[in-house]
Amino acid sequence: MAMSAGPFLKEARFRGCVQLTGYMLRALSDYCYHVEVLDLKDCRGLSTPSLARFLSKAIRVQDLNLSGLESVKNATMDVIGQSLPALRKLNVSWCRNITGQGIQALVPASDRRGCCRLQILKLNGCSQIDSATMTALALHMPDLRQLSLASCTTIHDTIFTSFCQALTAAERAAPSSPSPLALESYHRRRTSASDVLFASSSTSSSSSSPTTPTPRRHFTDASSIWQDMHRQDDNMMDVDGAFVGPLTRYVAMSPIVCLLTHVNLSNCGRLTNRSLHQLAEHCPYISHLELAGCNEVSDEAFLFVTPRWPCLAHLDVEDNAIITHQTIRALANHSASLKHLCLSNCVLVNDEAILFLLLHGQARNNLQYLELDGTAITDHCLDTIASFLVQRHKQRQEQRQQLHVQFQQQQQQAQITPPPSPTSDLSSLSSSPAFHSPMSASMACTAPYPPMAPPLLPDYPHLTIEVLDCAHVTEVGVRKAQDKAAAHLTIKSFYSWRDEQRQLHTANNTANTTASPTARRWISPTPRARHDARNQGCIIL
């Protein structure tokens, strides 16, 4: 199979295949050299040399998943940095034999090309990350969009602060003999920001909204950048009186805008408010943030960051026992794009905070998923939310009816009032001998008004709420709220599995009755679970 189909294979997904051995991977490496997506998660039968052999030949790989492999070591990371320049997504989570030195092998250097085009990097569970590693990633990964550092227990405020400051630092140390790829990475960080986002003219955190980007110089290749930098005097002074080199002046001429949008810092328990402050100051476009288990982050941090992240859509602060209603109110007042909010086991969150978020918050019409497991909410909160959703749906129906009436009135008015004829306006001009052209005949034709489409108002998103292990939520309250707004609200609770089983049993009985209404069926006192096509599980014979 590898000999016949190997050259045409672009996606190789062996996730969880424990039968895959190092010998098989070596055999595949001789034929599957056009692979672009490679998933080897939990393939524990692979060896370090077999991985190195395959990766050294599959130079077109763009998406690589090696999570959970103990055979991934620093030598494997060296091979990735030397052989995969087109890599855009890398997942080495829970590869415990990787150190900071191995991660630094991904950045470009004089002896390797590096993975400077990397956009998604997942390092969950890598417990040997230091400040030098984080700084190298910030300096040499200009296209980085998503960074996952969950359960990296060695990361503390100093390490994360150095990473954030390096993302938008005003100075970069130029290598003695820079490679074209290294210079291209510097140039791409500045040009891609102006093409994708609105670059801010200042890196200060005083302004919360982006401003008009400042003009910047564009170069065609890396060599022109280096030549332009050397045309100026190397001994120029900056505003502080320090000597700066040509690369520093080029960077200062074109400020950096960090493009990082997804950050996962769950279970990094040593991080405090300081780290979150630095992230908000240097990364203004954060949309997904996960801080589950970060118990040192308090309300003060969220009061600081929420006005600076208008694009925030996903926030996870699970198991944070010190945040209160102040954080919820800050999200309600500033996070208009919020869609998913996880507050599980935030024991100080009560009815007042949740009702303010859903009834008066800017994201009340965008919120889709709300996790409230282990919070202090009550049945009153669920009943109020259900009433609000029903009333909101009625108001939307009334708005649609009003717009439909207005549309019909406009259509009737258009039929009563005939459209103006251009013939009457051009009658005097058409008699003159100078006004004779091929366009005169088409202009003289009377054209009706263009068709008008009725205005459309989209439905509000369906809201899902999780209330597992809530001491003040009862089965009666859950059922009452669910029955009141069943079309707009889904409540997942300890009692939900009973309803799901009952609905499934009713649906099966209805299907059987519809198929053979006159057939006699024997009902067992202990009925057997029927096979559902949606649940493709194992069948025990």
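The values are calculated or read from the model by the stated rules, or taken from the named source; none is laboratory data. Because the structure is a prediction, the values reported are computed rather than measured. Methodologically, a virtual Cβ is constructed for each residue, glycine included, from the backbone with ideal geometry; neighbour enumeration extends over all protein chains shown. Accessible surface is based on the protein model in full, side chains and every heavy atom, while ligands, DNA and RNA are left aside. Shrake-Rupley method; radii C 1.70, N 1.55, O 1.52, S 1.80 Å.
Just the number please: accessible area per residue for the range 48-154, 1.4 Å probe, all protein chains included, in Å².
Details: 3670 Å² over 107 residues.
Solvent-accessible surface per residue comes out at 34 Å².
What ranking do 478-490, 274-286, 68-80 get when scored by the average of other Cβ atoms within 10 Å per residue, highest first? If you can, show how the numbers build up before the last one.
Working: 478-490: 16.9, 274-286: 21.7, 68-80: 19.7.
Per-residue mean Cβ counts within 10 Å order the peptides as 274-286, 68-80, 478-490.
Averaging sequence separations of C-alpha pairs under 8 Å and six or more residues apart, then dividing by the length of the range 1-144, give the relative contact order as a whole percent. Please report the intermediate quantities before stating the final value.
Working: 331 pairs, mean separation 26.0, N = 144.
Dividing the mean separation by the residue count of the range 1-144 yields 18 percent.
Keeping the other protein chains in place, figure out the carbon and sulfur percent of the accessible area of the range 331-390, with a 1.4 Å probe.
Details: 1010 of 2040 Å².
Within the range 331-390, the accessible surface is 49 percent carbon and sulfur.
Report the FRET efficiency, 1/(1 + (r/R0)^6), for GLN128 and GLU352, where r is their Cβ-Cβ distance and R0 is 56 Å, rounded to 0.05. Don't skip to the answer; put the middle values down first.
Working: r = 44 Å, r/R0 = 0.79.
So, using R0 = 56 Å, E works out to roughly 0.80.
Considering the options LEU64, LEU118, LEU147, tell which one lies farthest towards the positive end of the dipole of the range 1-160, charges being +1 on Lys and Arg and -1 on Asp and Glu at the Cβ, about the Cα centre.
Looking along the dipole axis, the top candidate is LEU64.
What distance in nm lies between label points placed 7 Å from Cα along the C-beta direction at LEU456 and HIS34?
Each label point is offset 7 Å from its Cα along the Cβ direction, giving 3.9 nm.
Counting Lys and Arg as +1 and Asp and Glu as -1, each charge on the Cβ, what is the dipole of the range 26-114 about the Cα centre in debye, to the nearest 20?
On the way: 12 positive and 8 negative charges, 11 e Å.
The dipole of the range 26-114 has a size of about 60 debye.
Ignoring ligands, DNA and RNA, please state the percent of accessible area on the range 1-103 from carbon and sulfur, probe 1.4 Å.
Working: 2650 of 4990 Å².
Ligands and nucleic acids excluded, carbon and sulfur reach 53 percent.
Could you tell me which of LEU279, LEU315, LEU338 has its Cα farthest along the dipole of the range 274-364 towards the positive end, charges placed at Cβ (Lys, Arg +1; Asp, Glu -1), taken about the Cα centre?
LEU338
Counting only heavy atoms of the protein chains, get the accessible area per residue of the range 257-387 (1.4 Å probe) and round it to a whole Å² value. Write out the running numbers ahead of the final one.
On the way: 4320 Å² over 131 residues.
Solvent-accessible surface per residue comes out at 33 Å².
Describe numerically, in nm with one decimal, the distance between label points set 7 Å from Cα along Cα→Cβ at ALA321 and at ASN366.
The answer from the label model is 3.3 nm.
Taking 22 Å as R0, compute the FRET efficiency from the Cβ-Cβ separation of MET3 and ARG44 and round it to 0.05.
Numbers: r = 26 Å, r/R0 = 1.20.
About 0.25, to the nearest 0.05.
Find the Rg to Rh ratio for the range 1-47, where Rh is the Kirkwood radius over alpha-carbon pairs and Rg uses the same atoms.
0.95
Between GLN406 and THR158, what length in nm is gained on full extension when 0.36 nm per residue of separation is reduced by their alpha carbon distance? All intermediate terms of the calculation are to be shown ahead of the outcome.
Values: separation 248, 0.36 × 248 = 89.28 nm, distance 6.09 nm.
That works out to 83.2 nm of additional length.
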